[in-house]
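The values are calculated or read from the model by the stated rules, or taken from the named source; none is laboratory data. Just so it is clear, the structure is predicted and the values come from calculations on it, not from any experiment. Glycine also receives a Cβ, built like all others from the backbone with ideal geometry; neighbour counts cover every protein chain displayed.
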Ligand code: AMP
Ligand code: MG
C-alpha cells in the first residue's frame, strides 16, 4: 500500500466509525419513521462520512438512493481537488510553489481561496491556509509519520518567520512566488464539503438530511415532525475511556455544527499534549481550549471559525465577534464549559454538565 492515505485507512475508519456511530445513534434514536429514514456511510476526506436522509412524500426511495450515489462521487472528487496528497488541483498548486513559481489559482479553487483570505483577515491571522509547512514539520499532514517528540524549536521559528514574510492571500488570481508556503485547507474544507453536499441533495429533491463528516456536520429540514437532534462530543473520554456527549442540540432548520478539538490528532510528550491546530504566529499547538463548537448558517465559515477560535484560546469570544458568530460552546483547558447566550437558550447540556455564560 504505497499511498499513506490507504495505510492509515484502518485507524481513520475506526475513529470515524466510533464518531459517526455516536451521532447516528442520536439522529436515529427516535422511532424508525416507517422506512422514511435512510443512512449511507461513505469514506471521504480522510474520515467516515455519514449521510442521513428523511424521505418526505415528494421523494421516492429510488430518487433518494440516486441522490446518495451522486453524493458519494461528488465527495471523492472534492477530496481529490483539495487534498495536499496525491495529484489533485491543490497538490499541483503546492508543487508549483515548491518549485519557486508564481502560481495561478484555478477558477474552481478561487471562491474558497477568497473566503479563506477573508477569514484570515477577520481572525487576525489565527486561521491561515498558508500554514502547510508548519503542519508538515509537526507531522500532522500524514498519520504515517506522526512524531513522538516536538520538532526542533529553531526549525519552528524559521517557518514562522518565513510565513510572516510571505505574501498574504488576497483577491488576486495569482500567488507567489513563495517557496516557503504550502496551502492546507484542512481547517475549512470539511465545512465547505458539508455545504456543497447539502446543496446537492436539495437540488436532487432531498429536503431533510444530515451530512456528517467525522463530527463536522450540516443539517437541512427536519425528521418528519421533529427537528434533527445532534450530539456534541465531550472533548475528554468518560472514566471508562469512551467518547461521551457534552450536549445535544435540536436543530433550527438549515445550519452547520462544526467542532475543533485537541483530541483529533495529537501525541503526548513529557505530560504535554501536542495537537494538530497550530497557532501560525508561534508555530506551536494552540493552548487554552480542549474544544470549541460553532453553530452557523454556513459550514465553511463555521469550520474556519472553529479553528480560529481554538487558536484564540482564552480570547475566543473576541474572535467570535470579529467573525460575527453568536452561537459558540467552548471547553477550556481546565474542563470548564462556556456557552454564549444565543446558544445557551437552545442547547441541552447532558446530566452533570454545567456551563458558564460567556456574554
Ligand atoms: P480543524 O479540525 O478544522 O480545526 O482543522 C485543523 C486542520 O487544519 C489541521 O489538521 C491542519 O491541517 C490545518 N491547520 C492547523 N492549524 C491551522 C490554522 N491555524 N489555520 C488554518 N489551518 C490550520
Ligand atoms: Mg476548522
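Checked against the criterion of being assigned to a helix (DSSP H, G or I) and more than 23 Å from residue 316 (Cβ to Cβ), region 101-111 has at least one qualifying residue. Screening residue 157 with (1) more than 22 Å from residue 260 (Cα to Cα); (2) surrounded by 17 or more Cβ atoms within 10 Å (Cβ to Cβ) gives one miss only, at (2).
Entry remark, region 285-316: residues being in contact with a helix residue (DSSP H, G or I) (Cβ under 6 Å, 6 or more places away or on another chain) and under 21 Å from residue 193 (Cα atoms) number 10 in total. When we screen 111, 133 for residues that are more than 20 Å from residue 47 (Cβ to Cβ) and either exposed (fewer than 14 other Cβ atoms within 10 Å of the Cβ) or more than 14 Å from ligand 1 (Cβ to nearest atom) (or both), the only hit is 111. Based on this model, can you work out whether residue 199 counts as in contact with a helix residue (DSSP H, G or I) (Cβ under 9 Å, 6 or more places away or on another chain) and more than 16 Å from ligand 2 (Cβ to nearest atom)? No, not satisfied. Restricting region 285-303 to residues that are under 23 Å from residue 156 (Cβ atoms) and within 12 Å of ligand 1 (Cβ to nearest atom) leaves a set whose member that is surrounded by the fewest Cβ atoms within 10 Å (Cβ to Cβ) is 285.
Scoring residue 78 on the criteria (1) surrounded by 14 or more Cβ atoms within 10 Å (Cβ to Cβ); (2) at pLDDT below 95 leaves a single failure, condition (2). For region 160-181, taking the residues that are under 19 Å from residue 284 (Cα atoms) and touching a helix residue (DSSP H, G or I) at 6+ places or on another chain (Cβ under 9 Å), the one that is surrounded by the most Cβ atoms within 10 Å (Cβ to Cβ) is identified as 181.
For the subset of region 214-233 comprising residues that are in a loop (DSSP other than H, G, I, E, B) and free of Cβ contacts under 8 Å to residues at least 60 places away in the same chain, which member is farthest from the chain's Cα centre (by Cα)?
Among them, the one singled out is 225.
Have a look at 128, 141, 184 and point out the one that is modelled with pLDDT under 95, touching a helix residue (DSSP H, G or I) at 6+ places or on another chain (Cβ under 8 Å) and in a loop (DSSP other than H, G, I, E, B).
Working: 128 fails: modelled with pLDDT under 95; 184 fails: modelled with pLDDT under 95.
Of 128, 141, 184, the one residue that is modelled with pLDDT under 95, touching a helix residue (DSSP H, G or I) at 6+ places or on another chain (Cβ under 8 Å) and in a loop (DSSP other than H, G, I, E, B) is 141.
Could you list all residues from region 45-62 that are surrounded by 14 or more Cβ atoms within 10 Å (Cβ to Cβ) and not in a loop (DSSP other than H, G, I, E, B)? Selection gives 47, 48, 49, 50, 51, 52, 53, 54.
What do you reckon, is residue 247 under 22 Å from residue 194 (Cβ atoms), part of a strand (DSSP E or B) and away from ligand 2 (no atom under 16 Å from the Cβ)?
Values: under 22 Å from residue 194 (Cβ atoms): yes; part of a strand (DSSP E or B): yes; away from ligand 2 (no atom under 16 Å from the Cβ): yes.
Yes.
Taking residue 198 as the residue in question, decide whether it is away from ligand 1 (no atom under 16 Å from the Cβ), surrounded by 23 or more Cβ atoms within 10 Å (Cβ to Cβ) and either without any contact (Cβ under 8 Å) to a residue 40 or more places away in the chain or in a strand (DSSP E or B) (or both). It is false that residue 198 is away from ligand 1 (no atom under 16 Å from the Cβ), surrounded by 23 or more Cβ atoms within 10 Å (Cβ to Cβ) and either without any contact (Cβ under 8 Å) to a residue 40 or more places away in the chain or in a strand (DSSP E or B) (or both). Kindly indicate whether any position in region 266-284 is farther than 26 Å from residue 196 by Cβ, touching a residue at least 40 places away in the same chain (Cβ under 8 Å), away from ligand 1 (no atom under 14 Å from the Cβ) and in a helix (DSSP H, G or I). No: zero hits. Every condition in (1) away from ligand 1 (no atom under 15 Å from the Cβ); (2) over 26 Å from residue 211 (Cβ atoms); (3) in a helix (DSSP H, G or I) holds for residue 172 except the one numbered (3). Testing residue 234 on (1) more than 13 Å from ligand 1 (Cβ to nearest atom); (2) surrounded by fewer than 22 Cβ atoms within 10 Å (Cβ to Cβ), one condition comes back false. Which one is that? With (1) more than 13 Å from ligand 1 (Cβ to nearest atom); (2) surrounded by fewer than 22 Cβ atoms within 10 Å (Cβ to Cβ) applied to residue 234, the lone miss is (2).
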